[in-house]
Amino acid sequence: MPTNHAAPHDAGADEGMHDCARGAHCAARTTTAHNGERVTTPAQTYRAFCEACSDHIHACLKDLPTQYRDLAAHIGVKTRADRPRVSGGGKTSHIPLNLGVEALMRQIVEIILSWDERVRPPARLSELAAPNTADALTPACEMLAAHTGVLLGLPDEDMARTMDLARAEHLPQDATGWVHLSGEWILYNTALSGKDAGIEILNLHHRCLKVLGRTPQHQDLVTPCWECGERTTLRRHDGTAGLADYVHCSHCGEQYLGSRLNALMVEEEEAQRRRHDRQWRRAEGRAAVLHRSREGVGGRA
């Protein structure tokens, strides 16, 4: 079975350009087959992210407030008007994080408001004012979406983040901070740039979708595999970068990439159209039988 590898770009080919920061997850990646292996090449860009990934980050920022509200409904949490007033997001936090829904909501607010605070000075905007942190999330996301270019172009600067003590091995190498043994969490500082902002926003959005059961949306094809002839074995996987740019057969391991993928998807579209037509004709037939039965032509005596 072909395996997947990310192919580094030849730096000399386009001076100043480099791989999109999302690597193999780049939204504009290309996938080819080489010596039986699947090779994924990220788009090339002068910035941290290619245009397609920058657009995806912008879309995630626009959608995060909706996902946040859905998370609140998921656990029955209502926004409280008596929470402390905040002005800006701040770069410190004293909230231990875990894998729970409520913790994810806290992390969304913590991360988004911290990037809001960093973007407002270079964007020449006044401080964010809101009655509470939950209410601050929507205007913060709207501002960041309107200034995505400024956000993704931010240089390194120390920012505060929190982490479960059990995940201490994943701390950045430059991290400094405090371990709270009683709560089993870590408050640390690390240098973060616009590249990190994009990755954090994409990860938060994907985690929301996962918790809410909205991902992945794999595409299972009705077309039989061209190599082994088996049906219901072809799948186009869905992930953080959207639908994969290849189709895989779970029976024989065949990979469909490039022009073969395009040809396969044309055949799949035709197969789906034929299936839809058959289903429509069957539905029409059932409706006709029911109509005759109501007129006393058919049905039981």
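The values are calculated or read from the model by the stated rules, or taken from the named source; none is laboratory data. All figures in this text were calculated on a predicted structure; none of them were measured in a lab. Cβ coordinates were reconstructed from backbone atoms using ideal geometry, including for glycine residues, and neighbour counts include every protein chain displayed. The accessibility values were calculated without ligands, DNA or RNA, using every heavy atom of the protein model including side chains. Shrake-Rupley method; radii C 1.70, N 1.55, O 1.52, S 1.80 Å.
Things worth noting here:
- Ala271 open to solvent by less than 20 Å² (accessible area, probe 1.4 Å), small (Gly, Ala, Ser) and within 24 Å of the chain's Cα centre (by Cα): no
- Remark: pairs (first residue in region 117-142, modelled with pLDDT under 95; second residue assigned to a strand (DSSP E or B) and open to solvent by less than 50 Å² (accessible area, probe 1.4 Å); Cβ separation under 7 Å; 6+ apart in sequence or on different chains) = Ala130/Val86; Asn132/Val86; Thr133/Val86.
- Residues that are free of Cβ contacts under 8 Å to residues at least 40 places away in the same chain and over 17 Å from the mean Cα position of the chain (by Cα), drawn from region 187-198: Tyr188, Asn189, Thr190, Ala191, Leu192
- Residue in region 232-246 that is at pLDDT below 90, of a type outside the set (A, V, I, L, M), outside any helix (DSSP H, G or I) and over 27 Å from Cys53 (Cα atoms) present: yes
- Of all residues in region 82-105, those being modelled with pLDDT under 90 and either more than 16 Å from Thr162 (Cβ to Cβ) or in a helix (DSSP H, G or I) (or both) number 10.
- Cross-chain or 6+ apart pairs with Cβ under 7 Å, region 199-226 first and more than 29 Å from Arg47 (Cα to Cα), then open to solvent by 20 Å² or more (accessible area, probe 1.4 Å) and assigned to a helix (DSSP H, G or I): Val211/Val101; Leu212/Asp70; Leu212/His74; Val222/Gln272; Val222/Arg275; Thr223/Glu267
- Within region 1-58, restricting attention to residues that are outside any loop (DSSP other than H, G, I, E, B) and among the acidic types (Asp, Glu), the residue that is modelled with the lowest pLDDT is Glu37.
- Test: residue in region 245-261 that is touching a residue at least 60 places away in the same chain (Cβ under 8 Å) and either open to solvent by 50 Å² or more (accessible area, probe 1.4 Å) or under 17 Å from Gln217 (Cα atoms) (or both): yes
- The listed residues are Ala130, Ala146, Ala123, Ala160, and the only one of them that is over 19 Å from the mean Cα position of the chain (by Cα), over 21 Å from Pro172 (Cβ atoms) and open to solvent by less than 10 Å² (accessible area, probe 1.4 Å) turns out to be Ala130.
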